[in-house]
Amino acid sequence: MTLRWWRDEDYYSDWHGSYEISGGPLITQAIHSLELVTHLTRGAGIKKVSASKLKTRKEIPMSDVIVAVVEFDNGVVANIEVCLATRSQNLESSIFVVGSNGSMKVSGVALSEFVHPDTDSAKDVSHDGHYYGNGHTSLYHAHSNHCLGEKNTDTELLTNPRDVVKTIELIEAIEKAIQ
């Protein structure tokens, strides 16, 4: 999983700059990508984590680069890179999966392109011209419809609370390995 974005000094001037309030870059920027990692590992427990962090700018209050290698109980190994220092632009957010039956990559600036190496093609799956897609908008509609008891709710968009716990456990394991 790779997240290479840019967050300038102004980004850190509000609550984002307080680790105690924001939870840091794994929560504020990488949470959705890490949720996909836990989903792809089928919620396996964490066996071992090696991690490191780097603060590339003295003007910001926290690390802006975090790398980790996570080994899960089911044998899956995840290589995780979160970089908020790609000077002046968001470069990519991607997940590359290698399996016994093939490989694939979801990439783009915000996981908006599907690449399958066997077809040598990329498909942009972004929606409605939104720069980061409209995933949040669809999620908000699905959640509100579900809460209101609407019949046509896209419940597959809703995250199971057990999945959230697995993602938080992953973040906590990475943070613990850094210290």
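The values are calculated or read from the model by the stated rules, or taken from the named source; none is laboratory data. No experiment lies behind these values; they were computed from the predicted model shown. Neighbour counts run over all protein chains shown; Cβ positions are idealised from the backbone, glycine included. These area figures cover heavy atoms from the full protein model, side chains too; ligands, DNA and RNA do not enter into them. Shrake-Rupley method; radii C 1.70, N 1.55, O 1.52, S 1.80 Å.
For beta carbons closer than 9 Å, sequence separation of 6+ or different chains, a first residue in region 162-174 that is among the basic types (Lys, Arg) and a second that is open to solvent by 70 Å² or more (accessible area, probe 1.4 Å), the qualifying pairs are Lys166/His39.
Among the residues of region 49-62, some residue qualifies, meaning at least one is open to solvent by less than 70 Å² (accessible area, probe 1.4 Å), under 16 Å from Glu175 (Cα atoms) and touching a Gly at 6+ places or on another chain (Cβ under 8 Å).
Which condition number in (1) in a helix (DSSP H, G or I); (2) modelled with pLDDT of 95 or more; (3) among the β-branched types (Val, Ile, Thr) is the one that Thr38 fails? Unmet for Thr38, out of (1) in a helix (DSSP H, G or I); (2) modelled with pLDDT of 95 or more; (3) among the β-branched types (Val, Ile, Thr): (2). For region 84-129, filtered to residues that are touching a helix residue (DSSP H, G or I) at 6+ places or on another chain (Cβ under 9 Å) and modelled with pLDDT of 90 or more, the residue that is surrounded by the most Cβ atoms within 10 Å (Cβ to Cβ) is Leu84. The single residue among Thr56, Thr41 that is in contact (Cβ under 8 Å) with a residue 12 or more places away in the chain and under 25 Å from Pro161 (Cα atoms) turns out to be Thr41. Inclusion of Asp73 among residues that are of a type in the set (Asp, Glu), open to solvent by less than 50 Å² (accessible area, probe 1.4 Å), in contact (Cβ under 8 Å) with a residue 12 or more places away in the chain and touching a strand residue (DSSP E or B) at 6+ places or on another chain (Cβ under 8 Å) is not warranted. Candidates in region 11-43 are the residues that are under 11 Å from the mean Cα position of the chain (by Cα) and of a type in the set (Gly, Ala, Ser); of these, the one that is surrounded by the most Cβ atoms within 10 Å (Cβ to Cβ) is Ala30. Just a yes or no: is a residue in region 2-25 among the aliphatic types (A, V, I, L, M) and in a strand (DSSP E or B)? Yes, because at least one residue in region 2-25 is among the aliphatic types (A, V, I, L, M) and in a strand (DSSP E or B).
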